[in-house]
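What follows is a set of notes on a single structure, which appears directly below.
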Amino acid sequence: MHRVTDAALPELEAALDGERMRARVAHAAGQAPQEVAGCAIERVKYRPGRSALVLYRLSLEENMPEALVYATVYPAGMALRAFPEDRKLPGLRLLADPARLRAEVLPDALDCTVSRVSYFPEHAYTARIAVRLDGNRECSLYAKTQSTPRGERTFALLQDLHEKNLRCARPLLYHAASATLVQEAVPGSTAESLAVQGRFSGALAAHVGAGVAALHGAKLDGLANLDAGSCLTRLHEVVRVLGAVMPQAAARAGEVVGQLDKRPPPAISTWDTPATLHGDLHLNNILIDSGRVALVDLDDLCRGPAELELGSFVAALAYRAALHGDRAMHQETVEHFLAGYAERAQRAVSIEHVHWYAAAALIHERAWRCLTSLKPGRLAVIDELIARAAELAFDPCLT
């Protein structure tokens with residue numbers, strides 16, 4: 001198993017030890033160490049040689065809510081901040097205060113309860129809001145605040161997609177002062193949760209393929225463009241950084257990138273025009289309700305070759321197979337997904353190009369995230385991901 005050492009961040013080792021950080025994190029949260037039952041690391045964002053963000057979740061005494069604290073680790077040291085303090089998320093204090101949320105954002109709500117869905121310090125925070133309205137009516141909303149000013153753009157794009165009758169979260173409002181986007185909840189279970197339960201069948205994978213094809217065919221204005229050139233630029237950067245902390249893995253990844261360099265796909269896919277891409281397609285961003293598919297978390301919408309996104313999704317499935325040791329399920333899912341896509345898209349897709357983009361994504365998306373998230377067991381699968389990328393890169397017609 002690989003071990004990451006980073007001389008540029010001398011406090012990183014301590015920051016990644018929850019028990020060792022327990023007293024410091026408790027102090028930052030305003031708690032006495034004896035009041036803390038546990039200190040768990042919930043998220044890490046590691047930038048080799050530059051910085052790290054570590055999110056801690058404190059389990060407190062009975063009947064007390066959990067406490068969140070995050071550390072920023074730099075070469076000069078470490079700083080701790082307790083929720084809802086965050087240097088780059090102005091909307092966090094709003095979402096942490098239900099009374100203020102009702103007054104400023106949800107004036108028709110008689111009451112609301114806010115629960116955390118996800119928190120990526122200094123990047124994004126998503127909350128589920130259970131709202132009680134007049135006449136004993138209830139509804140569920142989701143609110144997301146981000147450090148980058150994308151919420152207003154996402155709001156407009158979601159409105160456009162709804163007008164085109166694509167299944168996604170219906171946007172309700174964008175609160176500019178807090179950079180917070182509010183959407184209706186979408187019914188259904190994530191494809192990931194169904195896969196964990198053994199209920200993500202080939203038929204459902206085909207429905208997902210059809211849903212992705214519908215999005216790819218939507219015409220939206222003002223989207224950034226991606227192509228093979230942007231993937232290659234990212235690949236070379238990942239190999240360079242990987243070389244500083246995992247040189248053997250970087251050498252093997254470099255061989256794959258060298259092969260991909262020799263035969264990049266054209267800038268535009270076999271489609272006449274670029275597709276509208278989800279930008280972060282994986283099983284947790286797909287909701288299924290009675291066979292109906294909805295795509296969520298559309299902040300990264302962009303334009304590019306359809307094969308780029310198909311390859312990225314194939315890589316996401318391969319990554320899941322590497323974690324769970326189920327390559328047969330991965331292959332069956334890929335086949336049904338691509339078949340469902342082809343039937344709805346009604347246009348030819350180059351499988352060779354899908355495999356090129358999958359090989360690229362296994363390195364610059366999946367292996368990279370294994371390194372930067374530092375989740376238990378993730379570093380151990382980097383070699384397998386690179387090996388799978390090599391199979392696809394050196395034999396592009398491999399099925």
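The values are calculated or read from the model by the stated rules, or taken from the named source; none is laboratory data. Note that the coordinates shown come from a computational prediction; the quantities given were computed from them, not determined experimentally. Positions of Cβ are generated from backbone atoms using ideal geometry, with glycine treated the same way; all protein chains shown enter the neighbour counts. Accessible surface is based on the protein model in full, side chains and every heavy atom, while ligands, DNA and RNA are left aside. Shrake-Rupley method; radii C 1.70, N 1.55, O 1.52, S 1.80 Å.
Here are some notes:
- Checklist (1) outside any loop (DSSP other than H, G, I, E, B); (2) touching a Phe, Trp or Tyr at 6+ places or on another chain (Cβ under 6 Å); (3) not small (G, A, S) applied to L281, failing item: (1)
- Among the residues of segment 240-255, not a single one is surrounded by fewer than 21 Cβ atoms within 10 Å (Cβ to Cβ), part of a loop (DSSP other than H, G, I, E, B) and among the charged types (D, E, K, R).
Every residue, every condition in (1) over 15 Å from R292 (Cα atoms); (2) surrounded by fewer than 15 Cβ atoms within 10 Å (Cβ to Cβ); (3) in contact (Cβ under 8 Å) with a residue 60 or more places away in the chain, yes or no:
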residue	(1), (2), (3)
L161	yes, no, yes
L172	yes, no, no
H175	yes, no, yes
L181	yes, no, no
T190	no, no, yes
V196	yes, yes, no
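- From E152, E104, residue being under 22 Å from the mean Cα position of the chain (by Cα) and either in contact (Cβ under 8 Å) with a residue 24 or more places away in the chain or open to solvent by less than 40 Å² (accessible area, probe 1.4 Å) (or both): E152
- Every residue from segment 335-352 that is among the acidic types (D, E) and under 25 Å from the mean Cα position of the chain (by Cα): E335
- Looking only at residues of segment 65-92 that are in contact (Cβ under 8 Å) with a residue 60 or more places away in the chain and open to solvent by 60 Å² or more (accessible area, probe 1.4 Å), we find that the one that is nearest to the chain's Cα centre (by Cα) is P90.
- In segment 326-352, of all residues being open to solvent by 70 Å² or more (accessible area, probe 1.4 Å) and farther than 22 Å from H216 by Cβ, the one that is modelled with the highest pLDDT corresponds to E332.
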